[in-house]
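One structure below.
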Amino acid sequence: MSSKPRRTRSSEEASVPARHLRLQSTLFEEVSLLFRGELSDPLLEGVVVTTLELSPDGRHARIGFTLPPERQESGPAPVEEALDRAMGFIRSQLALGLNLKRVPHLRFVCVGVAPRLAPGGEGDES
């Protein structure tokens, strides 16, 4: 009687090479850092990167982001335009920070609005 080994990863994850997953994770970290400190456009303040999916060939990255609650009324269009303007800077910073043959083309997708912090919560300086 033989028992099958239990899988700890989904079949989709198992088919993705470890290098690809590491690169995807590294890109996510680098893009998140840029959003937290390097982008100076006021429209991008409070925008948070939530996901990054790298295509299997590494040529495209789909980046999910959330809007800050105060931008909910204006919608994602102004932020998406600001991201289009910042895309060249973001890609050049990724090229400088990572040793890649080619930096993927970036596509930003709004995935929702960040929840509003409760008074006295994190970020409240009272």
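Accessible surface ranking for 57, 84, 41, 1.4 angstrom probe, highest first: 84, 57, 41. Sequence-ordered 3J(HN,Hα) estimates for the stretch 18-35 from the Karplus curve with 6.51, -1.76 and 1.60 and θ = phi - 60° stand at 4, 4, 4, 5, 5, 5, 4, 5, 5, 4, 4, 4, 5, 5, 4, 4, 4, 5 Hz, glycine and proline given as x. Over all other residues within a Cβ to Cβ distance under 15 Å of residue 86, the charged ones net out to -3, with Lys and Arg as +1 and Asp and Glu as -1.
Taking the Cα centre of the stretch 35-118 as reference, the dipole from Cβ charges on Lys and Arg (+1) and Asp and Glu (-1) amounts to some 380 debye. Taking each residue as 0.36 nm, the span from residue 74 to residue 57 lengthens on full extension beyond its C-alpha to C-alpha distance by 2.6 nm.
Students often check this: by mean Cβ neighbours within 10 Å, which of 87-96, 16-25 ranks highest, and how do the rest follow?
87-96, 16-25
Using the Cα centre of the stretch 19-126 as origin and beta-carbon charges of +1 (Lys, Arg) and -1 (Asp, Glu), tell me which of 23, 35, 93 is placed farthest towards the positive end of the dipole. Result: 23.
The values are calculated or read from the model by the stated rules, or taken from the named source; none is laboratory data. These figures come from a predicted structure and were not determined experimentally. All Cβ positions, glycine included, derive from the backbone under ideal geometry; neighbour counts span all protein chains shown. Ligands, DNA and RNA are excluded from the accessible area calculation, which covers all protein heavy atoms including side chains. Shrake-Rupley method; radii C 1.70, N 1.55, O 1.52, S 1.80 Å.
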